[in-house]
Amino acid sequence: MSLNSPNSTPAPADSEINAAARVRNLLIVLAAIALSVSIFLGVRTQTPASSLTEMAKASAPIATALTNGKPTLMEFYADWCGSCQAMAKDLSAIKQKYAEPMNFVMLNVDNDKWLPEITKYRVDGIPHFVYLNNKGSRVAETIGETPRSIMEENLEALIAGKPIPHSQSSGQVSDFTPVTGPVKASSSDPRAHGSQVQ
């Protein structure tokens, strides 16, 4: 067959090959950009666990809170606690709203340093909230997820020196058993991270 016969297929022109390669390369670049943007936004989005950690770092030291003449909300929490994570956003907003008249203290139950406080307040479920008056004395406790409106009513009463209206409230909790002896590492225990420090 000759190149000019009606049954022959013409060889693709260089411009058609270049156009196809350009389209393919453009699609690869667009996919890479979309993936990069997704990863960037995913990294920038704060997870509840890191939010809890940041809130704890910003909370008042317990020694200061017990002696500065302000009422205090003490929260026992853990990064692995689903109920604690669920309340993190509301608690962050509450802490900003009441930052001036109150202390906010966060104690991670995975830190053996807080074992005396865990024992004193008999923490066996988290989140566990202890309401302390301006003299550092316990006036009420609540355990578990608490709606923001209930928490704010309790804090308003605490600030005013009135009885806590919802001190018997109990919501969804994460079970917690305080460590009373040497910690034995277990890969199946979500609280085992970092607790093996001797």
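Here are the numbers for the structure shown:
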quantity	calculated
Qualifying positions in region 110-153 - assigned to a helix (DSSP H, G or I), open to solvent by less than 60 Å² (accessible area, probe 1.4 Å) and free of Cβ contacts under 8 Å to residues at least 60 places away in the same chain	TRP114, GLU117, ILE150, GLU152
Lone unmet requirement of (1) touching a strand residue (DSSP E or B) at 6+ places or on another chain (Cβ under 8 Å); (2) farther than 21 Å from ALA160 by Cα for ILE39	(1)
Single unsatisfied condition, GLU75 versus (1) under 18 Å from SER51 (Cβ atoms); (2) modelled with pLDDT under 95	(2)
Region 70-101, subset surrounded by fewer than 16 Cβ atoms within 10 Å (Cβ to Cβ) and in a loop (DSSP other than H, G, I, E, B), residue nearest to the chain's Cα centre (by Cα)	ALA99
Enumeration of residues in region 104-159 that are of a type in the set (Gly, Ala, Ser) and either closer than 16 Å to LEU91 by Cα or in contact with a Lys or Arg (Cβ under 6 Å, 6 or more places away or on another chain) (or both)	GLY144, SER149
Test: ALA157 is part of a helix (DSSP H, G or I), of a type in the set (A, V, I, L, M) and touching a helix residue (DSSP H, G or I) at 6+ places or on another chain (Cβ under 7 Å)	no
Inter-residue pairs, beta-carbon under 9 Å, first in a helix (DSSP H, G or I) and in region 28-41, second at pLDDT below 90, 6+ apart	none
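Here's the yes/no breakdown for (1) charged (D, E, K, R); (2) assigned to a helix (DSSP H, G or I); (3) modelled with pLDDT under 80; (4) within 30 Å of ILE159 (Cβ to Cβ):
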| site | (1), (2), (3), (4) |
| --- | --- |
| ASN7 | no, no, yes, no |
| ALA19 | no, yes, no, no |
| VAL23 | no, yes, no, no |
| ALA49 | no, yes, yes, yes |
| THR53 | no, yes, no, yes |
| THR64 | no, yes, no, yes |
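The values are calculated or read from the model by the stated rules, or taken from the named source; none is laboratory data. Note that the structure is a prediction, hence the values are computed from the model and not measured. Cβ: placed from backbone, ideal geometry, glycine included. Neighbour counts: every protein chain shown. The protein model used for the area step is the full one, side chains on, heavy atoms only, and it has no ligands, DNA or RNA in it. Shrake-Rupley method; radii C 1.70, N 1.55, O 1.52, S 1.80 Å.
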